[in-house]
Amino acid sequence: EEAGYVPEMKIVSQDTEEKKEQTLCYHSEMLAIAFGLIATPCGTPLSIVKNLRVCSDCHVSIKFISSILQREIIVRDAKRFHHFKHGMCSCGDYW
């Protein structure tokens with residue numbers, strides 16, 4: 001939240017705010033990015049492939065991650081490629 005990120009709780013169907021925020025942390029692309037960040041050297045691009053669409057919260061999160069950590073993150077979802085670099089996405093926030 002210090003960098004300006006606020007989770008989008010409206011996309012989660014859990015009962016409490018705590019559970020909603022936890023649920024967002026366990027999306028597959030977020031787990032893959034977390035593992036990629038600890039398993040690869042700084043500065044190397046991360047490539048993630050998933051069979052479902054990227055949710056709006058993950059899309060915003062990945063933009064912040066790419067900006068703060070200065071990493072290029074490429075996510076291929078069911079519809080398109082998303083190239084995140086310097087806090088921007090190649091899709092222009094249209095997906």
Query raised in the report: Filtering region 68-92 down to residues that are among the charged types (D, E, K, R) and in contact with a Lys or Arg (Cβ under 8 Å, 6 or more places away or on another chain), which residue is modelled with the highest pLDDT?
Result: E72
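With the condition kept exactly as written, say whether any residue in region 8-26 is closer than 17 Å to A78 by Cβ, touching a Lys or Arg at 6+ places or on another chain (Cβ under 7 Å), at pLDDT below 90 and not acidic (D, E). First the steps, then the outcome.
Residues of region 8-26 that are closer than 17 Å to A78 by Cβ, as a first pass: 11.
Next cut, touching a Lys or Arg at 6+ places or on another chain (Cβ under 7 Å) only: none.
No - not one qualifying residue is present in region 8-26.
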Query raised in the report: Quick check: is even one residue across region 67-89 open to solvent by 60 Å² or more (accessible area, probe 1.4 Å) and part of a helix (DSSP H, G or I)?
Result: yes
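Every residue in region 31-56 that is of a type in the set (G, A, S) and open to solvent by 90 Å² or more (accessible area, probe 1.4 Å), please.
S47
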**Report entry** Every residue from region 66-95 that is farther than 12 Å from E29 by Cα, free of Cβ contacts under 8 Å to residues at least 40 places away in the same chain and among the aliphatic types (A, V, I, L, M)
**Finding:** L69, A78, M88
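The values are calculated or read from the model by the stated rules, or taken from the named source; none is laboratory data. What you see is a predicted model, and the numbers here were worked out from it, not measured in a lab. Neighbour counts run over all protein chains shown; Cβ positions are idealised from the backbone, glycine included. The area values use the complete protein model at the heavy-atom level, side chains included, leaving out ligands, DNA and RNA. Shrake-Rupley method; radii C 1.70, N 1.55, O 1.52, S 1.80 Å.
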